[in-house]
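Asker: To start, I am sharing the structure in question, which I have written as structure tokens.
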Amino acid sequence: MNHETEPNDATEFVIVECELAEPPAKVWRALTEPTLLASWLMPNDIRPDVGARFTFQAEGDAGGGVIACEVLAAEPPHLLRYSWHGADANRDDPDRVLDSVVTFVLTETANGGTHLRLVHDGFPIGALQSVASATATVASLEVERARRRDRRSPVANVPAQGGLRWVA
Amino acid sequence: MIEAEVFRALADPTRRAVYERLAGREMTVSELKSGFAISQPAISQHLAALRGAGLVRERRQGRHAYYHIDPRGLAPLLDWIDRYRAFWPKRIEKLKDVLKGMDP
């Protein structure tokens, strides 16, 4: 995994970008056909129409329970965006403060493949960005992050802005 | 759930602004109030919510109470990000395998 250290947009915190050999139309199928989507993400009943509600059955590293989603944008084969109401948010969260948004952007590359950009953002990270914009907080956050990195296996770099950005 | 409490505490823009001001330095309620067009009781209420979520701490000295942020209070937010930071790259690797196995 490579790391990018440039500052990222204020609102985009969890970003994964990669090059895929397959064309956007094929990648689109893997994102929007329930069986194919289930084979790499989670069991689901997705329907790629704006306003359609669907669920993921979360398991393993996704936590447990149901992730409730609603399609916010669907422009085959280039843009898919849905809300992500996490399993951990079902209890105790009537005002849905834990809602977030997942966006897939597919761009055809010169060799007929796909550049995939996945962004998972939404309220919680937006708040963190806002909070981290106070310099004193950034400093303490970096200390906290360094401490946590020491405890865990390192998976990504943390740019000075407090944002997160990495490339798969 | 503590995570929801932290997010809820920061969901309010005024409360977030209070938190951001305290991130600059420790302040009393009246110092804090001078930056906002809201009453001192309202400020105190926001501080209570921030303290309840573990985001702000109080330090008493004589007759005065001073407020400062506790960066450890942001841990639930960091956990949220860490979870998905680990989650998505792994799933994208699986997506790559699925694409290779698909019909043309």
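Every number here is computed from the coordinates shown, using simple stated rules; none is lab data. Predicted, not measured: the structure shown is a model, and the values here were computed from it. Glycine gets a Cβ as well: all are built from the backbone with ideal geometry, and neighbour counts include every protein chain shown.
Asker: Within segment B:69-90, is there a residue that is more than 30 Å from residue A:58 (Cα to Cα), in contact with a strand residue (DSSP E or B) (Cβ under 6 Å, 6 or more places away or on another chain) and free of Cβ contacts under 8 Å to residues at least 60 places away in the same chain?
Answerer: Pass one, segment B:69-90, residues more than 30 Å from residue A:58 (Cα to Cα): B:69-71.
Next, only the ones that are in contact with a strand residue (DSSP E or B) (Cβ under 6 Å, 6 or more places away or on another chain) stay: B:69-70.
Now drop any that are not free of Cβ contacts under 8 Å to residues at least 60 places away in the same chain, which leaves B:69-70.
Yes.
Asker: Give me a count of the residues in segment B:9-31 that are surrounded by fewer than 20 Cβ atoms within 10 Å (Cβ to Cβ) and part of a helix (DSSP H, G or I).
Answerer: Going through segment B:9-31 one residue at a time, the tally reaches 11.
Asker: Which ones in segment B:82-94 are facing chain A (nearest Cβ under 7 Å) and either aliphatic (A, V, I, L, M) or under 17 Å from the mean Cα position of the chain (by Cα) (or both)?
Answerer: B:86, B:92
Asker: For residue B:60, state whether it is in a strand (DSSP E or B) and either in contact with a helix residue (DSSP H, G or I) (Cβ under 6 Å, 6 or more places away or on another chain) or of a type outside the set (S, T, N, Q) (or both). Lay out the reasoning, then the answer.
Answerer: Details: in a strand (DSSP E or B): yes; either in contact with a helix residue (DSSP H, G or I) (Cβ under 6 Å, 6 or more places away or on another chain) or of a type outside the set (S, T, N, Q) (or both): yes.
Yes; evaluated as a whole, the condition is true for this residue.
Asker: Against the condition more than 19 Å from residue B:58 (Cα to Cα) and of a type in the set (A, V, I, L, M), how does residue B:38 come out, does it pass? Spell out the reasoning first.
Answerer: Values: more than 19 Å from residue B:58 (Cα to Cα): yes; of a type in the set (A, V, I, L, M): yes.
The answer is yes for residue B:38.
Asker: Additional query: With B:24, B:101 as the choices, which residue is more than 30 Å from residue A:58 (Cβ to Cβ) and of a type in the set (Gly, Ala, Ser)? I'd like the intermediate steps shown before the answer.
Answerer: Working: B:101 fails: more than 30 Å from residue A:58 (Cβ to Cβ).
Of B:24, B:101, the one residue that is more than 30 Å from residue A:58 (Cβ to Cβ) and of a type in the set (Gly, Ala, Ser) is B:24.
Asker: Please go through segment A:9-62 and give me each residue that is over 17 Å from the mean Cα position of the chain (by Cα) and facing chain B (nearest Cβ under 9 Å), ordered by number.
Answerer: A:20, A:21, A:22, A:26, A:29, A:36, A:39
Asker: Looking at B:46, B:64, which is the one that is of a type outside the set (Gly, Ala, Ser), surrounded by fewer than 15 Cβ atoms within 10 Å (Cβ to Cβ) and more than 12 Å from chain A (Cβ to nearest Cβ)? Outline the logic, then answer.
Answerer: Numbers: B:46 fails: surrounded by fewer than 15 Cβ atoms within 10 Å (Cβ to Cβ).
Answer to the check: B:64.
Asker: In addition: Considering B:97, B:79, which residue is in a helix (DSSP H, G or I), surrounded by fewer than 12 Cβ atoms within 10 Å (Cβ to Cβ) and either within 13 Å of chain A (Cβ to nearest Cβ) or under 17 Å from the mean Cα position of the chain (by Cα) (or both)?
Answerer: On the way: B:79 fails: surrounded by fewer than 12 Cβ atoms within 10 Å (Cβ to Cβ).
The conditions single out B:97.
Asker: What about residue B:51, is it touching a strand residue (DSSP E or B) at 6+ places or on another chain (Cβ under 7 Å), closer than 29 Å to residue A:86 by Cβ and of a type in the set (D, E, K, R)? Working first, answer last.
Answerer: Values: touching a strand residue (DSSP E or B) at 6+ places or on another chain (Cβ under 7 Å): yes; closer than 29 Å to residue A:86 by Cβ: yes; of a type in the set (D, E, K, R): yes.
In short, yes.
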